[in-house]
Every structure is written in structure tokens, then in C-alpha cells.
1. Roughly how much of Tyr157 is accessible, in Å² to the nearest 10, using a 1.4 Å probe?
2. Given a 1.4 Å probe and the protein chains all in place, what does the accessible area of Lys115 round to, in Å² to the nearest 10?
3. Rounded to the nearest 500 deg cm²/dmol, what is the calculated helix-only ellipticity per residue at 222 nm for the chain, with -39500 (n - 2.57) per DSSP H run of length n ≥ 4?
4. Can you tell me which of Val182, Val150, Val141 moves the most in a GNM of the chain? Springs connect C-alpha atoms under 10 Å apart.
5. With no solvent and one point per C-alpha, what does the Debye sum give as log10 I(q)/I(0) for region 90-244 at q = 0.11, 0.12, 0.18 Å⁻¹?
6. Tell me the label-point distance for the pair Ala83, Trp14, using the 7 Å Cα-to-Cβ offset, in nm and rounded to one decimal.
7. Using a 1.4 Å probe on the protein heavy atoms only, what accessible surface does Trp14 show? Give it in Å² to the nearest 10.
8. What is the Cα centroid distance between region 173-190 and region 127-144, reported in whole angstrom?
Amino acid sequence: MKLNCDMGESFGTWTKGMDAEVMPYIDMANIACGFHASDPLTMERTVKMALAEDVTIGAHPGYPDLLGFGRRELECHPEDLKAILVYQMGALDGICRVHGTSIQYVKPHGALYNKMMVDNTTLSVVMSAVRSYAPHCPLVVMATPEWQLVKDRADEYGIEVWFEAFSDRAYSDEGRLVKRSVRGAVHETTEAIEQQVTQIIQDGTVTSISGKRIPIKADTICIHGDSYHAVDAARHMRQVVGSL
């Protein structure tokens, strides 16, 4: 089971997350590409940090929404959205190539990630963009009870998908993430995070916020590097995953 984390989400002199401290404990760095967060220098610094720790680099594109940190849903024409995605993948990949590497997977950010998991048109555009620019790159999608439908669609586009579960987010009875505005949507203790991760790995299920057990198939688990306990959680999750 691989641990992934959203990285490179600072912007200019504004710092977000504890990338340098968390990087040694993860396997995959989802690096922001400049539209919801980041800038060219931040992207380059994050790529270099990932290479120094032998961490796999993935593109983390989002809606063009710096003000809302990519967490607001935007109405984009399919052609616009595809171009937005290709632009971001190419930007990060260009920086990677200067440093002797390339992007190895794609994980959309925030509202775009959530939208593609409930809207087939958006999912098709995302898959088309990945197929067009980086057909070798798996697309990271949310692990849900409907995972087979997503895999079948990916097969139609000739791309691979990696299914992702979340260590510190609460799930709804439908197997989706509970909105951050809802109380209890984010797990605040390492104990709660460990319990959820252990259940995901050992049982292939997650317990919803109402107590329902939801079956999910996961290839990778996301930890968030911008919480106050990010470093402790990352270190602890590395130990937990290594012991299971």
C-alpha cells in the first residue's frame, strides 16, 4: 500500500503544508501545477525534494482557482477543461524533465477530483486529457463501491487507474467523502487515522460517519500534509503500513 500526499501547494511567499518534513515518509508526491496553488519555483523545489527522497512524482492539476484553492466547482466547457489539464500536466512535466525525470501519474485536486467522481462527462474529459498527454500515467481516482464502472471506462480510454482511499477524512454512507463543512469530516487524532487505515488495508472496508461499513478497493492512501499533526501522522502511518 502506497502513501501519497498533496505537495507544492505554497504560493510565492505564502507557505502551505510541511512538505520537507512529510516527504521522507511518503511514496507518492502529488505536486500542484500552478492553477489552484503553487508557482514555477515552488514546483521546482518540490520536485527536487521528491527526487532527494526517491518519491514518485505525480501531477496534481485543479480548476483555475487560486483564490478558492481549487475547492470551488467551476463550470468549464469540455474543451476548456481538457486544455486546462494538459497545460498543467505539461508545466510540471517540463520542470521534471529538466531534472532528469517525468510525471508518473495524475491525481486531480479538490473540486475537480470530487466532480469527476460523480459526473461522467467530467471523468471522460479527465481521462481523455491523461490519454492525450501522458498515456503512460495512471489516473488516481477515489475508491468507491462503484470502482468497476470507473475501471471499465478507463479501459475504454486505454489508461490505468489507481484507486485511492483517505486516511483522515470521514466517509458518507454512499462511500464518498463527507464535505469539510460537516462536523467530524476530518479525523483529528492519529488513533482515528490509524484505525481507518488498518481497516482499509486489512478488511477492504471503511466505516461511514453513521457507522455503516462500506467496501472499497484501494491501491494508495492519501495523507494530508497541511494539518497541525501532519508530520506525526505521516510518520505513524509509515509505521502502520509497514507492519501490515
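The values are calculated or read from the model by the stated rules, or taken from the named source; none is laboratory data. If you're wondering where the values come from, they're calculated on a predicted model, not measured in any experiment. Methodologically, a virtual Cβ is constructed for each residue, glycine included, from the backbone with ideal geometry; neighbour enumeration extends over all protein chains shown. Areas reflect the complete protein model, heavy atoms only, side chains present, ligands, DNA and RNA absent. Shrake-Rupley method; radii C 1.70, N 1.55, O 1.52, S 1.80 Å.
1. Near enough 70 Å² of accessible area.
2. 30
3. -12500 deg cm²/dmol
4. Among Val182, Val150, Val141, the largest GNM mean-square fluctuation belongs to Val182.
5. Values, matching the q order: -0.47, -0.56, -1.16.
6. 2.6
7. Taking all protein chains as shown, Trp14 has close to 130 Å².
8. Taking the Cα centre of each part, region 173-190 and region 127-144 sit 26 Å apart.
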